[in-house]
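Worksheet: the structure to be examined is printed underneath.
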Amino acid sequence: MRRWYAQPVPWGIFVFTILLLGVVFGIGVAFAVRSAIDSHDAKTAAIRQSEGRAIAIDVLCGFSNGVAEAGRKALAGELQGQDSGRGLPPVAQRDYVATITSTLLAEAGIRAQGVLEPNGEVDCGRLRVAAKATHP
């Protein structure tokens with residue numbers, strides 16, 4: 001049994017063994033590098049998602065306050081071409097604004113409670129806090 005061990009290894013088997021070990025080592029390194037890249041990609045994706053959510057909240061806040069202000073002006077009769085004496089009372093304007101903004105927030109999945117100001121508009125600072133609470 002010791003006889004085959006004492007004989008020199010043929011050149012072809014030696015090269016094949018070295019190449020096989022190189023391939024196995026290369027696959028291991030490639031796997032390790034790919035794992036590191038995937039880990040970094042997950043962190044980057046989480047950061048981008050957080051940034052995107054912050055932008056979406058700002059857009060939602062601006063959009064809802066813009067729609068509310070336009071509705072308030074229309075109901076008050078303050079738009080160009082309207083008779084300013086024929087507007088609705090401030091209570092009706094406030095109810096309209098509160099209805100519009102709470103509906104927009106509900107569609108975004110955010111509770112309007114504590115986010116709306118007394119005049120019916122959205123408090124953007126509170127909206128950011130409420131959005132973080134509803135979307136971890």
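The values are calculated or read from the model by the stated rules, or taken from the named source; none is laboratory data. These numbers come from a predicted model, not from an experiment. Don't worry about glycine lacking a Cβ; one is built from the backbone with ideal geometry, like all the others, and counts go over all protein chains shown. To get the accessible areas, we keep the full protein, side chains included, count just its heavy atoms, and leave off ligands, DNA and RNA. Shrake-Rupley method; radii C 1.70, N 1.55, O 1.52, S 1.80 Å.
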For the chain, the percent of accessible surface on carbon and sulfur atoms (probe 1.4 angstrom, ligands and nucleic acids excluded) is 65 percent
Probe 1.4 Å, protein heavy atoms only - accessible area per residue of segment 1-126 in square angstrom = 75 Å²
Taking θ as phi - 60°, what are the ³J(HN,Hα) couplings along segment 68-80 by the Karplus curve (6.51, -1.76, 1.60), each to the nearest whole Hz, with x for Gly and Pro?
-> 5, 5, 5, x, 4, 5, 5, 6, 7, x, 9, 6, 4
Cβ-derived FRET efficiency at R0 35 Å, Glu117 paired with Arg86, nearest 0.05 | 0.85
Where a label projected 7 Å from the Cα of Glu78 along Cα→Cβ would reach, residues of segment 99-125 with amide N under 20 Å | 99-102, 116-124
Cα→Cβ-extended label distance, 7 Å offset, between Val33 and Ile13, nm = 3.3 nm
Percent relative contact order of the chain, based on C-alpha pairs within less than 8 angstrom and at least six residues apart?
-> 19 percent
For the chain, the Cα-Cα pair-distance distribution in 5 Å bins from 0, as whole percents, is 2, 9, 12, 11, 8, 7, 6, 5, 4, 4, 4, 4, 4, 4, 3, 3, 3, 2, 2, 1, 1, 1, 0
So what are the three principal axis dimensions of segment 31-86 from its Cα atoms, in whole Å, longest to shortest?
-> 74, 13, 8
